[in-house]
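See structure below.
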Ligand SMILES: Cc1ncc(COP(=O)(O)O)c(C=O)c1O
């Protein structure tokens, strides 16, 4: 057997890839470096060791291909949410202040806080951006994992922040010890995404509770729980419990994932009233979410059957995909979300083109030069098509 075959087998099994993070030291990325630039191989530069392969077609799909690239919920929105949009569209001539106040009350009750702990935003992207602008308007540094979800990091760096990037551990968890050590007197915010995107991995929640509890007495901690509702209800505590105890933690939630409302744009943040108020002083609060989206969110929250269906079907299709990939010799990262990341042995742009030619839209990343596929979980029949395409393209 030749050396190259040995290496290919290792890569397919993920052995080299899984140890990829561990060889990367923590690093600091200054504010003068650009982002959204392409490297010499035409890849988007997210961090010194995280790159994304792109195809124009892959980012804005218009063709009838499988949309397995943006972690959308294939079952949503809830029929009740659709009905609420229809019913409330005629109210579109009024500013939706009353609806927003009511929505805050509903969300406050759900989270066990008072309404002044809630900020309503169009998706969680908005609160990620607002927090970045607010906390880094005078510079300072942001501590986070790498790879992680990039929105807050990009905007923080645009606002003038230095980014202290702490590689995930070998088991794809946040390295909480290293994040604590990296936090210094210039740190303005710590960002944690749990479960994490793009890895789908979960940092043990009890460890995270201890970390957030401790660190929030020094610096605010922002926890992005976009995929939280894909965990079994009651199985994992949210960081919201620390907010109830008065800690300076901000939790971001979205209706784009379990509620299947990515195009309707609705999200919210839970935090200390004082922190949310100071952020509000820098932005135009309210007005961001339409009456139709708020009413749809309200209807969707009450539709527990829809949420259970989305969670259960996601788990079935995810288990099928993980098992199929493993039986084909791949080593996917254990996923707690609506997507799966796994190492592949093909150049990313070629991989995307071949998958697109078969009508399957996915993402491709390079982590420390190891190529990965990130696939969103669609319906079962879509995942069967995905597995067939992977078999054709990669074997
Ligand atoms: C971890 C994470 N946070 C936030 C978002 C933003 O989602 P939205 O703005 O649609 O709420 C996403 C979207 O994929 C995400 O993966």
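A short reminder: the numbers here are calculations on the coordinates, not readings from a lab. All values derive from a computational prediction rather than experimental measurement. FYI the Cβ positions are ideal-geometry reconstructions off the backbone, even for glycines, and counts take in every protein chain you see.
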Hey, how many Å between the Cα centroid of segment 133-154 and the Cα centroid of segment 240-277? 17 Å
Kindly state, to the nearest 0.05, the FRET efficiency for residue 350 paired with residue 381, given R0 = 30 Å and r defined as their beta-carbon distance. 0.70
Starting from 0.36 nm per residue, how many nanometres of slack lie between residue 171 and residue 207 once their C-alpha separation is accounted for? 11.5 nm
Please report 191, 320 as a ranked list, fewest other C-beta atoms within 10 angstrom at the top and most at the bottom. 320, 191
The residues 287, 103, sorted from fewest to most surrounding Cβ atoms within 10 Å, come out as 287, 103
Most exposed first by the Cβ proxy, i.e. fewest other Cβ within 10 Å, how do 98, 130 rank? 98, 130
Express the relative contact order of segment 84-304 as a whole percentage, based on alpha carbon pairs under 8 Å and six or more residues apart in sequence. 27 percent
Based on the Cβ-Cβ distance from residue 98 to residue 281, what FRET efficiency comes out when R0 is 22 Å, to the nearest 0.05? 0.45
Binned Cα-Cα distances of the chain, short to long, each 20 Å bin given as a whole percent: 27, 59, 13, 0
Largest-first principal axis extents, alpha carbons of segment 84-304, Å: 53, 39, 30
Efficiency of FRET between residue 214 and residue 241 - r from beta-carbon atoms, R0 25 angstrom, step 0.05: 0.95
